[in-house]
Amino acid sequence: MRHAQRCRDVSLALAISCPVIFLHGLGDTGHSWADALSSIRLPYVKYICPHAPRIPVTLNMKMVMPSWFDLMGLSPDAPEDEAGIKKAAENIKAIIEHEVKNGIPPNRIILGGFSQGGALSLYTALTCQHQLAGIVALSCWLPLHKAFPQAASNSMNKDIAILQCHGEMDPMIPVRFGALTAEKLKSVVTPTKVQFKTYPGVMHSSCPQEMMAVKEFIEKLLPRI
């Protein structure tokens, strides 16, 4: 009888695992971030780290590599792959929808990512019809930023919590672009819900302090039931 009860308890614990969907950066795969996130693993949280498709990337001389959408440049005024960004966002929304259909309440789902993946997580969540728990945006920017706040007019996430982190020595996406993104986000969601943390000496990468901030953010938004 006790064995049967333990089995039911384990099944219940698995059934209520809260998903953190985390998107990798350009040229990477989900495996590296699955490894990184394992260092802040919580027993009731599952990490979903999908892989981007391999496509030619304009920024890298049309080399074929894992990329959520095409990149033409990394400055705020660079041309953008609008169709590719919107298509990629729909693909991530399909992952969210799959979790919801499996019984996970949307407000127990966090969406996040690093660099290009963080950019896509911001765009996807801010145009999503499901009310999510929060967004983790590491070393990134808001794609199609000129379309906001109008692009979020039908979103359920105007009051969503956002943790945005950036290395102060980032040579690829300078920290000032991160600061501009944070200010833009405050015009899209409740300003007090946007946290922007910077890390001295950190380049285009993560660090243990940043990962602890991510863990604390997840624990706050997805408390154990």
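We did not get these values from a lab; they are worked out from the coordinates using the rules stated. Here the structure is a predicted model, which means the values were calculated and not measured. Note: ideal-geometry Cβ built from the backbone for every residue, glycine included; neighbour counts use all protein chains shown.
Picking from residues in region 181-211 that are part of a loop (DSSP other than H, G, I, E, B) and hydrophobic (A, V, I, L, M, F, W, C), the one that is nearest to Lys158 (Cα to Cα) is Val189.
Matching residues to (1) under 20 Å from Gln129 (Cβ atoms); (2) hydroxyl-bearing (Ser, Thr, Tyr); (3) in contact with a Leu (Cβ under 8 Å, 6 or more places away or on another chain); (4) surrounded by fewer than 16 Cβ atoms within 10 Å (Cβ to Cβ):
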{"site": "His51", "(1), (2), (3), (4)": "no, no, no, yes"}
{"site": "Pro56", "(1), (2), (3), (4)": "no, no, no, yes"}
{"site": "Pro66", "(1), (2), (3), (4)": "no, no, yes, no"}
{"site": "Gly73", "(1), (2), (3), (4)": "no, no, yes, yes"}
{"site": "Glu90", "(1), (2), (3), (4)": "yes, no, no, yes"}
{"site": "Ala94", "(1), (2), (3), (4)": "yes, no, no, yes"}
{"site": "His98", "(1), (2), (3), (4)": "yes, no, no, yes"}
{"site": "Lys101", "(1), (2), (3), (4)": "yes, no, no, yes"}
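Residues in region 120-164 that are within 18 Å of His98 (Cβ to Cβ), without any contact (Cβ under 8 Å) to a residue 60 or more places away in the chain and part of a helix (DSSP H, G or I): Thr124, Ala125. Condition (residue is among the β-branched types (Val, Ile, Thr), closer than 20 Å to His24 by Cα and buried (at least 17 other Cβ atoms within 10 Å of the Cβ)) applied to region 177-197: is it met by at least one residue? The answer is yes; a qualifying residue exists.
Please tell me if Pro223 is surrounded by fewer than 18 Cβ atoms within 10 Å (Cβ to Cβ), of a type outside the set (Lys, Arg), touching a His at 6+ places or on another chain (Cβ under 7 Å) and outside any helix (DSSP H, G or I). So Pro223 does not fit the description; no.
The condition (being among the small types (Gly, Ala, Ser) and in contact (Cβ under 8 Å) with a residue 40 or more places away in the chain) is satisfied by just one residue among Ala94, Ala89, Ala52: Ala52. Across region 205-218, the qualifying residues are those that are over 16 Å from the mean Cα position of the chain (by Cα) and not hydrophobic (A, V, I, L, M, F, W, C), and the one among them that is surrounded by the most Cβ atoms within 10 Å (Cβ to Cβ) is Gln209.
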